[in-house]
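Engineer: Pasting in a structure now, in structure tokens, and then I'll have a few things to ask.
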Amino acid sequence: MEPGLRTCVSDGTATVTISNTGKRNAMTAGMWRELPPLLARLAADRAVRALVLTGEGGTFCAGADIGALRDAVDEPQALAVAAEEALAAFPGPTLAAIRGYCVGGGCQLAAACDLRFAEEGALFGVTPAKLAVVYPVSATRRLVRLVGPSAAKYLLFSGELIDSARALRTGLVDEVLPEGELDKRVADFAAVLASRSRLTQTAAKELVDGAWDVPVAAAEERAAYWAAQARESGDTVEGAAAFLERRAPRFTWPAG
């Protein structure tokens, strides 16, 4: 099977699978280029409420396919950054389901997701020091926000791999699951995300992601905007009514 990105949409969740099994799901130049337009199509699909990024078989992604990238017309790092930023900008909740290797560009993609669930035994690494590569500013900032300056320096300075337990302690992952339980946990949690208010999630994602960069006054202005959207949509009233009536809410935002 040719390397590529496989997509499946079911019950409100889009699953994007990185597939290059002969090379531990390393990303080729074509795969890096494919991801942004793929994400744009899924973002425009009203049936998609959450997105899961995972890898084919027993590993997530071992980074960039260095051999394939050597022949890329575009600058390899620019391809990875464009894909990373497209993933970070996806309007709905995103979750990386990780087993096996999550290294280099694979870790860059996982960090661009909103949440990361890993199977015990997964290995994580940020490896530019092994290639004399300067890690992109966007990826560096994202890594620091996740794990803090000291842990980010450990990963960036050494290029060493860390296990799932240490990744959990540093904040690189949010949950670690025993072998055999990752897929069910991810499916169940994605279903929860898909059932919640899209308006709340969209507003929260914007405000959380901008918390470090946006002045307080600007953030408060955006929060007021989203509060007005909630009132106008009727979803707040619907949420309260559903709670009192002990039923699932029927949220309508965005209309159309």
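Engineer: What is the local net charge at residue 140, summed over the other residues whose Cβ is closer than 12 Å to its Cβ (Lys, Arg +1; Asp, Glu -1)? Spell out each step's value before the answer.
Structural biologist: Working: positive: 141, 142, 145, 153; negative: 84.
Residues close to residue 140 contribute a combined charge of +3.
Engineer: Tell me the net charge near residue 54. Cut-off is 14 Å between Cβ atoms, residue 54 excluded, with +1 for each Lys or Arg and -1 for each Asp or Glu.
Structural biologist: Around residue 54, the charge tally is +3.
Engineer: Could you work out how much longer the chain between residue 66 and residue 175 gets when fully extended? Use 0.36 nm per residue separation minus the Cα distance between them, nm to one decimal.
Structural biologist: Full extension of this stretch gives 36.2 nm more.
Engineer: Residue 134 to residue 217: extension gain in nm, 0.36 nm per residue of separation minus the Cα-Cα distance?
Structural biologist: 26.5 nm
Engineer: Let me ask something else. Mind giving me the nanometre distance, one decimal, between the label points for residue 226 and residue 244, set 7 Å out from Cα along Cα→Cβ?
Structural biologist: That separation, rounded to one decimal, is 2.6 nm.
Engineer: Each label point is 7 Å from the Cα along the Cα-to-Cβ direction; what then is the distance between the points at residue 237 and residue 41, in nm?
Structural biologist: Going from the residue 237 label point to the residue 41 one covers 3.9 nm.
Engineer: Based on the mean of other Cβ atoms within 10 Å per residue, sort peptides 14-21, 47-54 so the most packed one is first.
Structural biologist: 47-54, 14-21
Engineer: Filter the cross-link list 153/205; 130/205; 184/205; 23/153 down to pairs whose alpha-carbon distance in this structure exceeds 31 Å.
Structural biologist: Cα-Cα > 31 Å for 130/205; rest within.
Engineer: What's the local net charge at residue 228, with K and R +1, D and E -1, over the other residues with C-beta under 15 Å away?
Structural biologist: Taking every other residue near residue 228 into account, the sum is -3.
Engineer: Which residue, 98, 162, 66, tops the fluctuation ranking in a GNM of the chain built on C-alpha contacts under 10 Å?
Structural biologist: 66
Engineer: Would you compute, from DSSP H runs of 4+ residues alone, the mean residue ellipticity of the chain at 222 nm, taking -39500 (n - 2.57) per run and dividing by the full residue count, rounded to the nearest 500?
Structural biologist: Per the formula, -14500 deg cm²/dmol.
Engineer: From the gyration tensor of the Cα coordinates in the range 101-256, what semi-axes in whole Å does the equivalent ellipsoid have, largest first, with each one equal to sqrt(5λ)?
Structural biologist: 35, 22, 11
Engineer: Using the charge dipole of the range 4-194 (Lys, Arg: +1 at Cβ; Asp, Glu: -1 at Cβ; taken about the Cα centre), state which of 172, 140, 121 has its Cα farthest towards the positive end.
Structural biologist: Positive-end residue among those listed: 140.
Engineer: Place a +1 charge on the Cβ of each Lys and Arg in the chain and a -1 charge on the Cβ of each Asp and Glu, then give the dipole magnitude about the Cα centre in debye, rounded to the nearest 20.
Structural biologist: 160 debye
Engineer: Over the range 77-138, what per residue volume does the convex hull of the Cα atoms give, in whole Å³?
Structural biologist: 74 Å³
Engineer: In the range 194-234, which residues have a backbone nitrogen under 17 Å from the label point lying 7 Å from residue 252's Cα in the Cα-to-Cβ direction?
Structural biologist: Only 197-200, 228-234 pass the distance filter.
No lab work stands behind these numbers, since they all come straight from the coordinates. Please read all numbers here as calculations on a predicted model, not as lab measurements. FYI the Cβ positions are ideal-geometry reconstructions off the backbone, even for glycines, and counts take in every protein chain you see.
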